[in-house]
Structure formats: structure tokens, C-alpha cells
Amino acid sequence: MIVTAQKVGENSVEVVLPKKTAQELDIREGLELYAHYDNGSILFSRTKESPYKVKVREGTSPRITIPKEINTLLNIEPGYFLEVVKLDDGFKLIPREEITLEEFLEHLDKVFREVYEFMKKDLMVKLPDDIKVAAWPVVEKKYRPRPTVLAIAEPHSKTIAFRYTRPSLIDFIHELIHLAGGDEVYAADISPIILFAFKNRNKIKTPIDIMKIFDAFTLEDLNKIVQKYGLKDIKDYYRVSGVVPYLYDPNYNRLPEYTEKDEVFAFILEVSAGAPYGYIHEKLMIDVLNELAERTGNAPSESERK
């Protein structure tokens, strides 16, 4: 079991034990434990005495503060991973600078695992098998990211890291896309589409090679999709939506510096931006995904599904 060190007060670090883990360890509010430095780890014992006695505090889950005297030897910072090992007389915390993705998923809500498996199986995203998750303090010392940076990916080492213990789903998807070969702009563009596909997985056909979404369509293909809703073409969609994309003049004539491929790209992004809010944007995004499934994922065609 993996937990994450958290800041408490000015210079102290604590560990919050998930309720299930606390039950397995028989750790409860008010219990007093003796803390020991133990060869690079922290041992908490019920009976083996030491000068450092800590009392289990209760919040949403049991909390234990790491004695400062012991932490001066370990230098555990908020954000470090700690492996919990059950012992006969208590438990041990082993500091870890990185963990496997499997270990990371175990201490997150189950939806993160569902998204990960959906990306690999249903959306055909080619992710490496041995992904690692680094503790944020390690990455922070290496890259010195701005405070607004919430996550980092190292494709060459198959490593991702998150500023917060529980990242948002969109940040989780974004970093995985980097490991699949997507650059920063591409990951930002496709991550909301993947999240939409996951939330609407009961409405779309799979498998889909989602990474081909910006290359699989012509302008004529997209015009046919919007025509199902009584619109003439994608420009008519923009008029109804009250939007003038960056690649058109006010009369919806494409500017000379842009191409048809740019129009396809802009349309998919525009629809994906509106899709979470429902109405025609949601229907169009589902249609685009289902059409992509037929083209790239060997999903049955519309006629075959009837």
C-alpha cells in the first residue's frame, strides 16, 4: 500500500492512512505508537519503546505525524511516496522516490484505473507497460517548474509526476498522452476528447484509434455529419453557434494562410469544446467518434449495426 506524505504546520510532515489500510493495521484515533528510525525507514510500534511517542489523530482518516527528529535523518518532504508494510507490532513506512503506475492507481479512486484501461483497450492509445510515477519533490528539484505547472512527463524514462496527491482526470490523461508520443499542444487538444469519450462510453462504438482523430476526416466527411441535423455544412454550424473561428473572415471565407486540413482540425476542436455542455455539440462529437471507430477501429458500420 502506498500513501503520500503531507504537510502539517510549518515544518512537519504527516501521513494520512486510508480507512481500509488503518483497519488492516488496527490503527485508530487516540492510539499511541513509538516511532523509530529503522535503516532508512520509519517504524511505528505499539510496545517497542523509544523517545518519540506519537498519538494517532483523526480527520477524514487516521493521521500520524512523523517526528521531526526522525525526519531530519530521512528528509521526507510533502509529496513523497511511502510504502506501508504491516508488522506484528505495528507497521513500517518506507520512503519511495517513485512508484509503479499500478501502485499509483491503487491509492486513487477507481475511475483513474477505468480511464487508463479505456485509453489502452477502447481508444487504442499505445502506452508503455512499465510506466512509473515520480514523487513531485524529486521532479521539482530537477526541473524547477513554475507554480502553475500541475504535472510533468518524461517520455524517455516513461515517468509521470503530479503536483497534487490526486490529480484531475484531465491532467492524468494529458500526461499519459505524452508517454504515447504526443507533444504539449497535441496532448492539450486531445485530452478533453478522450475524457468526453470516456464519460459517453455507453454511446460510442469501440475500439477507436483516437490518436488519428485529426487526420481521419476530410471537410466533405464533416459536412455529411452536420447535414444529419439539417445544416448545410460546418460553416452553417458555426453560424448557428454564433462562432467565427480564427481561420475565417466574418463571412466565413477561409483565410489564405489556412488549408482544408486546418478547417477539419478547428471544427473537431470547436465541437469538443462544446460537447460537455450538451445540445448539438454533444451529438456531433459522438457522431465524429463513431465515424472514427468505423474508419480506424474495425467497429461495425452504421448499416451493419442496424
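Going by what's in this entry, would Asp249 be described as charged (D, E, K, R), surrounded by 13 or more Cβ atoms within 10 Å (Cβ to Cβ) and either farther than 21 Å from Leu195 by Cβ or touching a residue at least 40 places away in the same chain (Cβ under 8 Å) (or both)? Judged against the criteria, Asp249 is not a match.
For the structure I just gave you, tell me whether Ala275 is surrounded by 13 or more Cβ atoms within 10 Å (Cβ to Cβ), outside any helix (DSSP H, G or I) and of a type in the set (Gly, Ala, Ser).
Working: surrounded by 13 or more Cβ atoms within 10 Å (Cβ to Cβ): yes; outside any helix (DSSP H, G or I): no; of a type in the set (Gly, Ala, Ser): yes.
For Ala275, the condition - surrounded by 13 or more Cβ atoms within 10 Å (Cβ to Cβ), outside any helix (DSSP H, G or I) and of a type in the set (Gly, Ala, Ser) - is not met.
Return yes when Leu269 is within 30 Å of Ala180 (Cβ to Cβ), surrounded by fewer than 18 Cβ atoms within 10 Å (Cβ to Cβ) and assigned by TED's automatic domain parsing to the domain that holds Glu294 and no when it is not.
Working: within 30 Å of Ala180 (Cβ to Cβ): yes; surrounded by fewer than 18 Cβ atoms within 10 Å (Cβ to Cβ): yes; assigned by TED's automatic domain parsing to the domain that holds Glu294: yes.
In short, yes.
What number of residues in segment 107-136 are touching a strand residue (DSSP E or B) at 6+ places or on another chain (Cβ under 9 Å), surrounded by 15 or more Cβ atoms within 10 Å (Cβ to Cβ) and either outside the structural domain of Ile173 (by TED's automatic domain parsing) or not aliphatic (A, V, I, L, M) (or both)?
Quick first cut of segment 107-136, residues touching a strand residue (DSSP E or B) at 6+ places or on another chain (Cβ under 9 Å) only: 107, 130-136.
Now drop any that are not surrounded by 15 or more Cβ atoms within 10 Å (Cβ to Cβ), which leaves 107, 131-136.
When the remaining residues are screened for being either outside the structural domain of Ile173 (by TED's automatic domain parsing) or not aliphatic (A, V, I, L, M) (or both), the result is 107, 132, 136.
Of the residues in that region, 3 qualify.
Annotation note: Cβ proximity below 8 Å between a residue of segment 272-293 that is farther than 15 Å from Arg201 by Cα and a residue that is of a type in the set (D, E, K, R) (sequence gap 6+ or interchain) occurs for Gly274/Glu282. Being over 30 Å from Pro167 (Cβ atoms), basic (Lys, Arg), surrounded by fewer than 20 Cβ atoms within 10 Å (Cβ to Cβ) and at pLDDT 95 or above is a property that Lys199 lacks. Listed by first and then second residue, the pairs with beta-carbon distance under 6 Å, at least 6 apart or on different chains, first residue in segment 197-215 and farther than 20 Å from Tyr186 by Cα, second charged (D, E, K, R) and in a loop (DSSP other than H, G, I, E, B), are Thr206/Asp122; Pro207/Asp122. Screening segment 1-50 for strands (runs of 3 or more DSSP E) wholly inside it with 1 or more residues that are basic (Lys, Arg) returns the ranges 2-8.
In contact with a Leu (Cβ under 6 Å, 6 or more places away or on another chain), without any contact (Cβ under 8 Å) to a residue 24 or more places away in the chain, in a loop (DSSP other than H, G, I, E, B) and in the same structural domain as Leu231 (by TED's automatic domain parsing): does that describe Tyr258?
Numbers: in contact with a Leu (Cβ under 6 Å, 6 or more places away or on another chain): yes; without any contact (Cβ under 8 Å) to a residue 24 or more places away in the chain: yes; in a loop (DSSP other than H, G, I, E, B): yes; in the same structural domain as Leu231 (by TED's automatic domain parsing): yes.
Yes; evaluated as a whole, the condition is true for this residue.
Within the set Leu108, Leu93, the sole residue that is farther than 17 Å from Ala35 by Cβ and touching a residue at least 24 places away in the same chain (Cβ under 8 Å) turns out to be Leu108.
Any idea which of Asp88, Asp109 is of a type outside the set (A, V, I, L, M, F, W, C) and under 30 Å from Asn200 (Cβ atoms)?
Details: Asp88 fails: under 30 Å from Asn200 (Cβ atoms).
Among Asp88, Asp109, only Asp109 is of a type outside the set (A, V, I, L, M, F, W, C) and under 30 Å from Asn200 (Cβ atoms).
Looking at segment 242-264, can you tell me whether even one residue there is under 26 Å from Asp122 (Cα atoms) and touching a helix residue (DSSP H, G or I) at 6+ places or on another chain (Cβ under 8 Å)? Within segment 242-264, one or more residues are under 26 Å from Asp122 (Cα atoms) and touching a helix residue (DSSP H, G or I) at 6+ places or on another chain (Cβ under 8 Å). Only residues that are in a helix (DSSP H, G or I) and either in contact with a Pro (Cβ under 6 Å, 6 or more places away or on another chain) or crowded, with 18+ Cβ neighbours inside 10 Å (or both) were counted in segment 172-188, giving 9. All told, Leu231 meets the bar of being closer than 18 Å to Ala275 by Cβ, surrounded by 18 or more Cβ atoms within 10 Å (Cβ to Cβ) and either in contact with a Cys (Cβ under 9 Å, 6 or more places away or on another chain) or without any contact (Cβ under 8 Å) to a residue 12 or more places away in the chain (or both). Within segment 208-220, the residues that satisfy the criterion of being in a helix (DSSP H, G or I) and surrounded by 14 or more Cβ atoms within 10 Å (Cβ to Cβ) are Ile210, Met211, Lys212, Leu219.
The values are calculated or read from the model by the stated rules, or taken from the named source; none is laboratory data. These figures come from a predicted structure and were not determined experimentally. FYI the Cβ positions are ideal-geometry reconstructions off the backbone, even for glycines, and counts take in every protein chain you see.
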